[in-house]
1. Can you run phi through the Karplus equation (6.51, -1.76, 1.60; θ = phi - 60°) for segment 70-82 and list ³J(HN,Hα) in whole Hz, with x for Gly and Pro?
2. Run the simple label-point estimate for Y104 and L137 please: 7 Å along Cα→C-beta, distance reported in nm.
3. Could you list which residues have their amide H under 5 Å from that of I15, counting only those 5 or more apart in sequence or on another chain, with H placed in the peptide plane?
4. Please compute the per residue accessible area over segment 77-118 with all protein chains in place, 1.4 Å probe, rounded to a whole number of Å².
Amino acid sequence: MSEDNQEPLEEEADIVFDCPHCGKSLEIDARGAGMAIVCPDCNNSVQVPIPEESNIVAISSGPAPSLEGALAQIHSLTVSAAASQAKIERLVESLEEIRDRRAYLEKLRIENMARFDRVAGEMTVIQSAIDRIVSILQDAKAEKTAE
Ligand SMILES: [Zn+2]
């Protein structure tokens with residue numbers, strides 16, 4: 001190697017992360033990425049995270065994320081969520097109206113069915129009365145003929 005640094009730059013050579021068990025800040029040589037180590041503080045087994053440098057580079061070389069843009073996006077999402085909420089409330093209202101109307105029509109239908117049953121019953125009574133009248137008339141006619 002042409003560069004013979006005695007100490008590599010810390011930021012590039014070491015992986016600094018917190019122990020997920022005890023929160024102790026650990027510093028591991030970059031070559032230990034992905035390896036399981038034992039935390040010196042709590043003795044738990046810890047996997048050294050693999051730094052995703054390519055991703056970090058990609059993000060930092062892309063357009064700088066704008067906080068204002070993110071806030072505007074959140075605001076517009078909030079506005080459309082509120083509009084959706086209002087629309088849902090209107091739909092729920094009309095759904096309730098439809099439900100009320102349906103209940104009313106159902107009530108009418110039941111009333112009509114009851115009325116129809118009553119009419120059918122009356123028709124039966126009328127029919128048997130007619131039958132009786134007819135047979136009385138036939139009897140009378142038969143008696144008259146027999147005389
Ligand atoms: Zn630990």
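The values are calculated or read from the model by the stated rules, or taken from the named source; none is laboratory data. Source: prediction; values computed, not measured. Using ideal geometry, Cβ is built from the backbone for each residue, glycine included, and neighbour counts are taken over all protein chains shown. These area figures cover heavy atoms from the full protein model, side chains too; ligands, DNA and RNA do not enter into them. Shrake-Rupley method; radii C 1.70, N 1.55, O 1.52, S 1.80 Å.
1. Couplings: 5, 5, 4, 5, 4, 4, 5, 5, 5, 4, 5, 5, 5 Hz.
2. In this crude spin-label approximation the distance works out to 4.7 nm.
3. I28, D29, A30
4. On the way: 4010 Å² over 42 residues.
On a per-residue basis, segment 77-118 sits at 96 Å².
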